[in-house]
Structure formats: structure tokens, C-alpha cells
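Worksheet for the structure shown next.
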Amino acid sequence: MHDKPAIGSTVLGYPRIGPHRELKRALEAYWSGRAGPDAGPDALADTARELRAATSIGLAESGLDSVPGNTFSYYDHVLDTATLFDAVPRRYRELGLSTVDTYFAMARGRDQVAPLELTKWFDTNYHYLVPEIGPDTVPRLVGDKPVAEFAEALRLGVLTRPVLLGPVSFLLLAKRSADAPEDFAPLDLLDRLVDCYAELLARLDAAGAAWVQLDEPAFCADRSDVELRALGDAYARLTARRDRPAILVAGYFGPWGDALPVLADTGIEAVSVDLVSAPETVDQIAGIAGLRDKTVVAGVVDGRNVWRTDLPVALSRCVSLLGSVGELAVSTSCSLLHVPYDLNLETRLDDRLRERLAFARQKVAEVAQLGRALRDPDAAPLSAAVAGPSGRDDRVHARIAALRPEHLRRAPYLARTQAQQARLDLPPLATTTIGSFPQTAEIRRARADLRAGRVDDDRYTELMRAEIERVIRLQERIGLDVLVHGEPERNDMVQYFAEHLDGFAATEHGWVQSYGSRCVRPPVLYGDVSRPAPITVEWSGYAQSLTDKPVKAMLTGPVTILAWSFVRDDQPLADTARQVALALRDEVRDLEAAGIRIVQVDEPALRELLPLRTADRSAYLDWAVSAFRLATSGVAVSTQIHTHLCYSEFGDVIDAINALDADVTTIEAARSRMEVLDDLRAIGFDRGVGPGVYDIHSPRVPDAAEVTELLSAAVRAVPRERLWVNPDCGLKTRGYAEVEPALRNLVAAARLVREGK
Ligand code: GLN
Ligand code: ZN
């Protein structure tokens, strides 16, 4: 081991898509297969190298004592780890592609070969590719990305600390391959994989690395004793070797819990703790003697939200660790992957708001400042975050204070369903869609033209109305029972509402990676939320004026709005959710007053905010359910409330879904063959349910026979009066060439099953 410099100040990781999404463009040019100087493999490699250089030089110049390395990825760092250790399933190897194209085949699929499954990275909006591990996976160190990137940075004069996903978390995030026996678990390969990591560490040591960071975030969620023991064994083995850099084990998104003493008992040199999500870890550290000779990296700057840090408070949090630890260092709570690059790119933000914000670059500066303050008591004094939040609205607080339990309750379902049926007169197995219809090039152009000022409001309204009329007539021709206006006016289901609510701000360049080249630009929820004017009433009302059939209005639910925004952290999420819910309640009531008989409140992200630790879940579900009920319970018994959830693996939220008390719940089910209906029956769910019978994630058009079969299975689990017939999700990403026949087949199948065929 080399002499190890103190970590001092650092960040656990950095964005990689590029401040202007350079990597996205380079990837898409490469994938397009276009020839030319800006599209081939060299162009992609050049862009990647420039981004890496800008990151390592930028971080070094910003005054961090320790600069993370290997933070770049062409697509996903979990996929990088899988390919580094040769965990490449056979179906990709057999394609006979180059290394880089095999990598992209795993990420995106190729010809008839499906990609690896994509899933959420803990409770963030980043998605990783799930490695598939089976007994025939033989971990071998076959790549050298971390070593090459270390050497590359060193040539630029920057000594980096390579960041790797740790071996135990890697295996815990992987899944058993389809052909593996039931009793096989990816963790069975740990010993072998640890040997490969040891080999990699030896190479990094030989290349001159003083530190390496191994991320073990899986241990900030609940873990079994077996898994905790595996963690301890793995790091005991890795640290037994001397031909290695010093090891920092990083955990984030929650408390280490029982994993912290386990790590403290191993020979690792440093551990990071997320003091933003788990400030109570300070007390735990004081009780662990094994940390007195280690470096503890205090994650006090929030790595996944956009607020400026209150530096004096953060500093005192660090200082409270002195005496309990060998050496103290300061960092972000997690990688900065989850925040945009640079606040300085924003030109249109209100100054009062801007003063409260910090993006990746600003957070790096905060950490560097904290590092200096810890080292040198004479360093320039730290400034507190700006006091006096902008965006306070006393009217919102007054309305919230006036809420009573009855504002969350509707009449019993039986009374509701009778009143609704009398008003709606729907057949059994009523047919509907989830809300959006295909977003055509013309629709996108109209929205872009409005933004750019090429068309005025009147012309835009005309274009949207024409689209709505077209979609209504199409649905009438197809014979659907409950129609929708098609959501042509919405760019994105959260951004659209954020743009129309007070308390939110939009950024111009605040992109963050969702997966691969896909980025999102979450709105910033900074103040008290209210609705200055009706949002969707004009569109839905217009649609209803065109037809006698009921038109269902669609809104995005409070939890989903929070999940896909950067949310203020100066009050509990539950309080913010209540404000959003109240604004939506106003909208629901206005829709009702405008003659809308069915309102759907979408909560596709209900499960996304579920806390990682089971002990925290019921408190979350309580406020999430309350927010939905507040939004939806202000209407008459005869107004039907629907909700839409984008998944069918309800598991631990099934009771919460029941508690939403929606009259109709539409869910994903086409891929899981209606199994969800049994789960719902098991908990006594007795309201309307629409298991999706058309998988809109695929271009395939299901034929009527297939839908009939799914529905026949469904009527065995749910009485036909309560069964709805609908696609899995919104149709906005599909084309009319698929949507029209698919919906016709869906209607035909519903008729057949209604007639008992
Ligand atoms: N109403 C939305 C749509 O149809 C729902 C989208 C979603 O669930 N993600 O597009
Ligand atoms: Zn959906």
C-alpha cells in the first residue's frame, strides 16, 4: 500500500451525461449507425474522453482534496461492473459483436435479443440494468476501465480515487438468471468475485492509486444476517491483502444500521456515512470503538437535492464526530449523479430562488469550503443558507389548518357505485384507456411553436381542440365506453402540472440522467403550492362537450408530482404533499362542476418513494394515502374517481392501494397474466379494477382472441360489473398504426366476454 493522503474533502461521484448533454448526443449519433466524423466509434470515444477530462480537472481545481475517478459511464455503472467482471449472459455473447456493441446490446437489446431488465436505483429516479447471474457465470477480471481511467486522469495531473460498485452490493442488485436453479443465489459467487476485485485493486495499486472507493449502498436497506456476514467476510478478505490502495466503503440513501459495526470490524481504512438522510448515525458512530482508527467521511452536503447547504450547521455536524473517529473527512451524502451540473447555466431563475439553490458544481464548492474550515479554524467564515424562504403563502397554510378528517373521506363505496352507475349507465366490462393518445409530430410541433412564440395562444388552442376532437371521434368509432381527451397539451405528466401551479420553478438546463441517454428535467418545488387557475378543465370540458359518452379527466397525483420533482426540504414531505393535494382537490372539484363525471388521478410513482427500510414504510404510506384521498374526496358520490398505477407487483403497498379508496383502479397486468387480481382478491379489494390487457410497452398488437383469453381469466377473479377493460398505461409513446387495431380488438374482446362467449 502506498502512503495514503488524507481524504479531507471529496464528493462520492459526479454526473457524466455532460453539462449540455454531450454524451447523450454522442451516444444517439453512434447508435444511429450514421457514418461521418461525428457519429462513429472514435467520435463517441472522443466525447467521452473530453467529458472525463473536464470532470477530473474541474474537480481538482475546485479545491477538493480527493477527486473521485471512474465516475464516467457510457450507459450505467452497474452494467460497467457486470462487463468488467465478465457477467455477460450467453445471449449477448452469441451475437458476436465488438466489446462496446455487446455492452450496448445488454443495455438496449438487439434484433431478437431483449436487453437486461431496467430498474430503479434504490429510491432515486436513476435506473440501472439488472445483471443476470447464474451458476455458469464465472467472474473474471476482463476489463480495465477503472485502471485506464485512473491512468488517463493521472496523465492530466489528477490523482483520482477510483469509484467502484462494491462486490456485495453488485451481487445483491443482480438477479438469478432464468435458467438457474431455484436454490441458486447470485451471492453464491461472492468469494470468486472478491478474488477478482482483489486482482483489480492490485492493478490500481500498481498504477499508483492511493485510495479506492467501493460503494455498498445495498446495506442502507434492510439486510439479513447472512448478507451482513457476507459483507464482513468480503471486506476482511479484501483488506487482508497488502497490494492494494486504501479502501473507502461508501453507503448512502439511508443509515448503515447493523452494517456499520460489521464494516468497523474489518480492515478497511475509511467509511462514508450519509448524514443527510440519517443524521442519527452521529450517535451510532460514537458507540463503535472500531471506528476510532478509521477515517469517517461525513456526507453532510445533500447529493440528491438541489438546495444550498447551511454550512455552519453542516460543519457542526462534522465537528460532532471528532473524538469518535480516527480521522474526519467531509463529502456529499451520495454521488452527485442525481443533480444537474451547474446553477450558473440557469439564466431565468428568480434571484430569491437562485440564492437557495446549489447544483453539482456549487455543491463541490460547498464541500471544499467545509474541508478548509475543518482543517483551518482561521479559514473564511461559512455563510448560512439564505433565511426567509421565498414562496410563502399564508392562504395555503390557513386552508391546511382548516382541514378536518371528513375532508379525507367519501361515502361508502356501495352508495357511490349505485349513484355512479345510475348516472353513467355503463355496461359490465366497460372499456376505456389510461389517458394519453399518441403524441404525434404535429402535436409536439404545436407545443414547441407555442413556446417559441411562433403561434399565439388562440392558434394553439385551436390546434389542440382539433386534436381532441379527432381523438374523441376515433374513440367513438372504435366503440369505447369511457372516452378521454388524449392529453395532447401535456409534455410530461409532472412538468405540465408544475408549470401551472404556484410554488414550482422550471430550469433550462437542469437535466439529470434517468437511464442511458435518457434525461429528465425535474421541476423545483420551492414554495407553498397552490393553483392560481383551473389547469385541465378547459381541455376536458371541451372534450365532454363533443360527446354524450362520459369523458374521463386525468390528473397527476400528489405523490407522483413529489417523486418526479426536486422538493423543498425545509418541511416534511407529508406537509408538501398535502399542499399539492389541496391544489389538485380544487381541480377535481372544478372538473366536476364543468360536467365531468369521471376523474382519474394517476399515481404511477406511489411505490417509488417507498422508504428503503421497512420500518419507515407505514408512516410514508399513511401520508401518501392521505394526500390522494384529500385530492379526490371533495366530489359528490355520483362522481367516479379512478386511479392508475403503472405496475402490478404491489407486494407491500397492496393495502395502501386499497386505502386509496378509488372507485376504479387501473393497473399493469398484461405481462403478469392477471395474477394481480388474485392478490387483490386476497385482501378483499371490492371496488372496480382494470387490469391492463394491452402491453403498451411493446409495439405488438394483441389480437382479440388473446385479449378475450385474458378477460376470461379476469372474470373468474372479479365480478364483471367491477371489471374494466383497458390498456396497461397511456398510449403516448405508441403510433396510431398499432393503437387503433389494438383498441378495436380490446373492444371486440370485451363484447365477446360480455355476451358470455
Ligand atoms: N394518464 C397518463 C397517460 O396516459 C398516465 C401515464 C403513466 O401512468 N405514467 O399517459
Ligand atoms: Zn402507467
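The values are calculated or read from the model by the stated rules, or taken from the named source; none is laboratory data. Just so it is clear, the structure is predicted and the values come from calculations on it, not from any experiment. Virtual Cβ from ideal backbone geometry, glycine too; neighbours counted across all protein chains shown.
Output yes when any residue across region 707-721 is in the same structural domain as Ile641 (by TED's automatic domain parsing) and assigned to a loop (DSSP other than H, G, I, E, B), and no when none is. Yes, there is a match, as at least one residue in region 707-721 is in the same structural domain as Ile641 (by TED's automatic domain parsing) and assigned to a loop (DSSP other than H, G, I, E, B). Pro139 - would you say it is in contact with a Leu (Cβ under 6 Å, 6 or more places away or on another chain), assigned by TED's automatic domain parsing to the domain that holds Val67, more than 23 Å from Cys334 (Cβ to Cβ) and at pLDDT 95 or above? For Pro139, the condition - in contact with a Leu (Cβ under 6 Å, 6 or more places away or on another chain), assigned by TED's automatic domain parsing to the domain that holds Val67, more than 23 Å from Cys334 (Cβ to Cβ) and at pLDDT 95 or above - is met. Scanning region 620-649 for residues that are more than 14 Å from Ala659 (Cα to Cα) and more than 16 Å from ligand 2 (Cβ to nearest atom) turns up Gly634, Val635, Ala636, Val637, Ser638, Thr639, Gln640. Filtered by the rule that a residue be away from ligand 1 (no atom under 16 Å from the Cβ), hydrophobic (A, V, I, L, M, F, W, C) and part of a helix (DSSP H, G or I), region 625-663 gives Val625, Ala627, Leu630, Ile654, Ala656, Ala659. The residue of region 726-742 that is farthest from ligand 1 (Cβ to nearest atom), among those that are part of a helix (DSSP H, G or I) and under 18 Å from Glu476 (Cβ atoms), is Pro741. Of all residues in region 533-582, those satisfying the criterion of being buried (at least 21 other Cβ atoms within 10 Å of the Cβ), aliphatic (A, V, I, L, M) and closer than 19 Å to Val599 by Cβ are Ile535, Ala543, Val551, Ala553, Met554, Leu555, Val559, Ile561, Ala577, Val580, Ala581, Leu582. Of the residues making up region 1-54, just one is of a type in the set (Val, Ile, Thr) and in the same structural domain as Glu327 (by TED's automatic domain parsing), namely Thr47. Looking only at residues of region 679-691 that are over 28 Å from the mean Cα position of the chain (by Cα) and outside any loop (DSSP other than H, G, I, E, B), we find that the one that is nearest to Cys646 (Cα to Cα) is Gly688. Every test in (1) over 30 Å from Gln475 (Cα atoms); (2) in a loop (DSSP other than H, G, I, E, B); (3) of a type in the set (Gly, Ala, Ser) is passed by Ala533 save one, and that test is (1).
Just one of the listed residues (Phe85, Phe122) is surrounded by fewer than 21 Cβ atoms within 10 Å (Cβ to Cβ), touching a helix residue (DSSP H, G or I) at 6+ places or on another chain (Cβ under 9 Å) and among the aromatic types (Phe, Trp, Tyr), namely Phe122.
None of Ala543, Ala553 is outside any loop (DSSP other than H, G, I, E, B), touching a His at 6+ places or on another chain (Cβ under 6 Å) and under 27 Å from Ala583 (Cα atoms) except Ala543. If the condition is being within 16 Å of ligand 2 (Cβ to nearest atom) and of a type in the set (A, V, I, L, M, F, W, C), then region 413-450 contributes Ile434, Phe437.
Counting only helices (runs of 4 or more DSSP H) that fall entirely inside region 351-442 and contain at least 3 residues that are of a type in the set (A, V, I, L, M) and more than 30 Å from the chain's Cα centre (by Cα), the qualifying elements are 413-424. In the set Val158, Val147, only one residue is part of a loop (DSSP other than H, G, I, E, B) and either modelled with pLDDT of 95 or more or buried (at least 23 other Cβ atoms within 10 Å of the Cβ) (or both); that residue is Val158. In the set (1) within 16 Å of ligand 2 (Cβ to nearest atom); (2) hydrophobic (A, V, I, L, M, F, W, C); (3) under 22 Å from Asp528 (Cα atoms), the condition left unmet by Val653 is number (3).
Screening the candidates Thr71, Thr81 for the property of being under 24 Å from Val168 (Cα atoms), in a loop (DSSP other than H, G, I, E, B) and modelled with pLDDT of 95 or more yields one hit, Thr71. The lone criterion from (1) more than 16 Å from ligand 1 (Cβ to nearest atom); (2) part of a loop (DSSP other than H, G, I, E, B); (3) within 29 Å of the chain's Cα centre (by Cα) left unmet by Val455 is number (3). Within region 501-513, is even one residue closer than 30 Å to Leu79 by Cβ, assigned to a loop (DSSP other than H, G, I, E, B), more than 15 Å from ligand 1 (Cβ to nearest atom) and in contact with a strand residue (DSSP E or B) (Cβ under 7 Å, 6 or more places away or on another chain)? Looking through region 501-513, at least one residue is closer than 30 Å to Leu79 by Cβ, assigned to a loop (DSSP other than H, G, I, E, B), more than 15 Å from ligand 1 (Cβ to nearest atom) and in contact with a strand residue (DSSP E or B) (Cβ under 7 Å, 6 or more places away or on another chain).
The conditions of being surrounded by 16 or more Cβ atoms within 10 Å (Cβ to Cβ), more than 28 Å from the chain's Cα centre (by Cα) and either at pLDDT below 95 or in the same structural domain as Ala48 (by TED's automatic domain parsing) (or both) are met by Ala153.
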